[in-house]
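Structure record follows, encoded as structure tokens.
The values are calculated or read from the model by the stated rules, or taken from the named source; none is laboratory data. Worth saying up front: this structure is predicted, and the values here are computed from it rather than measured. In this analysis, Cβ positions are derived from the backbone assuming ideal geometry, glycine residues included, and neighbour counts consider all displayed protein chains. Just so you know, the surface numbers come from the protein's heavy atoms only, side chains and all, with ligands and any DNA or RNA stripped out. Shrake-Rupley method; radii C 1.70, N 1.55, O 1.52, S 1.80 Å.
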Amino acid sequence: MRVIIVKDYDEMSKEAARIIAKQIRSKPDSVIGFATGGTPVGTYKELVRMHKEEGLDFSKLTTFNLDEYYGLGPDHPQSYHYYMFENLFNHVNVDPKKVHIPDGLAKNVKEFCKKYEEEIKKAGGIDLQILGIGRDGHIAFNEPGSSLASRTRLVALAPETIKDNARFFEKEEDVPRYAISMGCGTIMEAKKILLLANGEGKADAVAAFIEGPITSQITASILQLHPDVTVILDEAAASKLKRKEYYKHVDKLYRKLEEEEESSN
Ligand code: F6R
């Protein structure tokens, strides 16, 4: 796991966008897994800038989103569908036919989830999956106690997540109690994973998933078993890591290697 620690949210967003853009440029028909929430907003803003100013081309991408609130349609302003178009897809040249976001109004949810998994496979699997992390250590909506081998399915949200996400709704009662979410097993099949976290509120979850044991109580900890994970943290989110200085040290060395590689190409 590569842990990159940067000064603040702005730097985290720029570093994340740089990595995503590198993936898109090296494989224009990449399959990208997107996340929603507050964390990646700045990253998406930077990707929009790169599209407008540097011609970053989204036209050949296929996309899959991690999750969607169950019960919310695509036009609901708090739906993840709405969020993705508002924050990214409406501002870049992505092909809407290649965008996949779980259907919060699916009638036959089991059938829908099975198909979603099949579509990911048909697209060749996810090349790069972007993730945030919940304060309870969740990735997508895999709340504590979720199977670490879980697949896309209907999940019930933890009280902590409902409280955290209430900031996007008028009142807490409006937050949906269920979501359709990729499982930990689905996420682990992505070829590369990029997890972002900022702010002090994430510091415990970050320390637990990077340095603690692999446990279904912190579902992000399953990422320790993935061969290609990059984590970008701001100083506040990294503040409870015991080996913070070590991660900074090795990151510098890796960057040096990358620079040498790039200049020799
Ligand atoms: C969103 C998602 C969630 C969020 C997590 C953090 O698609 O799957 O796991 O990444 O809840 O949310 P924020 O970024 O709002 O702190």
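Checked against (1) aliphatic (A, V, I, L, M); (2) surrounded by fewer than 24 Cβ atoms within 10 Å (Cβ to Cβ); (3) in contact (Cβ under 8 Å) with a residue 40 or more places away in the chain, L194 passes all but a single condition, namely (2). Candidates R255, R243, R167: the one that is surrounded by fewer than 18 Cβ atoms within 10 Å (Cβ to Cβ) and within 24 Å of I101 (Cβ to Cβ) is R167. Of the residues making up the stretch 147-174, those that are over 21 Å from K115 (Cβ atoms) and within 12 Å of the ligand (Cβ to nearest atom) are L157, A158, E160, T161, I162, K163, D164, N165, A166, R167, F168. Within the stretch 1-21, the residues that satisfy the criterion of being aliphatic (A, V, I, L, M), open to solvent by less than 30 Å² (accessible area, probe 1.4 Å) and in contact (Cβ under 8 Å) with a residue 40 or more places away in the chain are V3, I4, I5, V6, M12, A16, I20. Among the conditions (1) under 30 Å from A123 (Cβ atoms); (2) more than 12 Å from the ligand (Cβ to nearest atom); (3) crowded, with 17+ Cβ neighbours inside 10 Å, A207 misses just one, which is (1).
Taking L223, is it farther than 14 Å from M12 by Cβ, modelled with pLDDT of 95 or more and open to solvent by 40 Å² or more (accessible area, probe 1.4 Å)? Against the criterion (farther than 14 Å from M12 by Cβ, modelled with pLDDT of 95 or more and open to solvent by 40 Å² or more (accessible area, probe 1.4 Å)), L223 does not qualify. Only residues that are under 26 Å from V48 (Cα atoms) and within 10 Å of the ligand (Cβ to nearest atom): list them for the stretch 103-140, please. Those that are under 26 Å from V48 (Cα atoms) and within 10 Å of the ligand (Cβ to nearest atom): I130, L131, G132, I133, G134, I139, A140. Residues in the stretch 181-188: is at least one over 30 Å from K114 (Cα atoms), surrounded by 16 or more Cβ atoms within 10 Å (Cβ to Cβ) and at pLDDT 95 or above? Looking for residues that are over 30 Å from K114 (Cα atoms), surrounded by 16 or more Cβ atoms within 10 Å (Cβ to Cβ) and at pLDDT 95 or above, one finds none in the stretch 181-188, hence no.
Checked against (1) open to solvent by 40 Å² or more (accessible area, probe 1.4 Å); (2) away from the ligand (no atom under 14 Å from the Cβ); (3) under 22 Å from V155 (Cα atoms), Q78 passes all but a single condition, namely (2).
Counting the residues of the stretch 223-249 that are farther than 25 Å from A190 by Cβ and assigned to a helix (DSSP H, G or I) gives 5. If the condition is being without any contact (Cβ under 8 Å) to a residue 24 or more places away in the chain and not in a helix (DSSP H, G or I), then the stretch 48-75 contributes G55, D75. Taking the numbered list (1) among the hydroxyl-bearing types (S, T, Y); (2) more than 17 Å from the chain's Cα centre (by Cα); (3) surrounded by 22 or more Cβ atoms within 10 Å (Cβ to Cβ) in turn, S216 passes all entries but (3). For the condition open to solvent by less than 10 Å² (accessible area, probe 1.4 Å) and within 13 Å of the ligand (Cβ to nearest atom), L66 qualifies. Looking across G73, G137, G104, one residue alone is open to solvent by less than 20 Å² (accessible area, probe 1.4 Å), at pLDDT 95 or above and in contact with a Pro (Cβ under 7 Å, 6 or more places away or on another chain). It is G137. For the stretch 22-47, name all the residues that are buried (at least 17 other Cβ atoms within 10 Å of the Cβ), outside any strand (DSSP E or B) and away from the ligand (no atom under 15 Å from the Cβ). Scanning the stretch 22-47 gives Q23, I24, S30, E46, L47.
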